[in-house]
Amino acid sequence: QVQLVESGGGLVQPGGSLRLSCESSGFFLGYYDIGWFRRAPGKEREGVACITRNDGTTYYGDPVKGRFTISRDSAKNTVYLQMNSLKPEDTAVYYCAVKEGREWYFDRLSEHEYDYWGQGTQVTVSS
């Protein structure tokens, strides 16, 4: 039984930074494509970032380009989402997700591509 756990969320003022972590004891996260998603109040879940397997290419949703960075620490079996210059519109529950397969049917920021999900961590950007 695999478990994904997000952490690092919290309350931050606009312009601040947070680093989210995604950890798993059931997956070697460096072997899979990993996505970060978020769901804001009243909105559908949207893709934030993706890092491909084997320390591959990264992808970002337009709203976070230049502000967020996804990375992997293989020794700690952890994937991070560094969030800088946070805006109130970044307020959401953030989820990490693992894609089990190798073929892409939609795109790397589509939630339908991913098979395993954490329970999310709340990020609130407010004064």
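Each part reduced to its alpha carbon centroid, the range 66-127 and the range 1-29 end up 8 Å apart. For the range 115-127, backbone phi angles converted through the Karplus equation (6.51, -1.76, 1.60; θ = phi - 60°) give residue-by-residue couplings of 10, 10, 9, x, 8, x, 9, 7, 10, 10, 10, 7, 7 Hz, Gly and Pro being listed as x. Taking 4.7 Å between C-beta atoms as the pairing limit, the chain has these partnerless cysteines: Cys50. Bridging of Lys65 to lysines at a Cα separation below 19 Å is possible for Lys87, once same-chain residues fewer than 8 apart are set aside.
When DSSP beta bridges are restricted to pairs lying wholly in the chain, around 90% turn out antiparallel. Per residue, the solvent-accessible area of the chain (1.4 Å probe, heavy atoms of protein chains only, all protein chains present) comes to 52 Å². For the chain, the ratio of Cα radius of gyration to the globular rule of thumb 2.2 N^0.38 Å stands at 0.97. Using C-alpha pairs below 8 Å separated by at least 6 residues, the relative contact order for the chain is 35 percent. With each label modelled as a point 7 angstrom along the Cα→C-beta vector, the Glu103-Arg67 pair spans 3.7 nm. The apolar share of the surface of the range 66-127, taken as the fraction of accessible area on carbon and sulfur atoms (1.4 Å probe, ligands and nucleic acids excluded), comes to 43 percent.
The length gained on full extension between Lys43 and Lys87, counted as 0.36 nm times the residue separation minus their Cα-Cα distance, comes to 14.2 nm.
Between Leu11 and Thr52, the modelled labels are 4.2 nm apart [label points 7 Å from Cα along Cα→Cβ]. The Stokes-Einstein estimate for the range 78-127, based on a Kirkwood radius over Cα pairs and taken at 20 °C with 1.002 mPa s viscosity, is a diffusion coefficient of 168 µm²/s. Electrostatic bookkeeping for Lys87 treats Lys and Arg as +1 and Asp and Glu as -1; over the other residues with beta carbon under 15 Å from its beta carbon, the sum is 0.
Applying a DSSP loop filter and a limit of 14 other Cβ atoms within 10 Å to the trypsin sites (Lys or Arg not before Pro) in the range 64-127 leaves Lys65, Arg102. Compared with the direct C-alpha span, the chain from Thr124 to Glu111 gains 2.5 nm at full extension, assuming 0.36 nm per residue.
The values are calculated or read from the model by the stated rules, or taken from the named source; none is laboratory data. Here the structure is a predicted model, which is why all the values come from computation and not from measurement. Counting neighbours? That spans all protein chains shown, and the Cβs are built from the backbone with ideal geometry, glycine included. When the accessible area is computed, the model is the full protein with side chains, heavy atoms only, and any ligands, DNA or RNA have been set aside. Shrake-Rupley method; radii C 1.70, N 1.55, O 1.52, S 1.80 Å.
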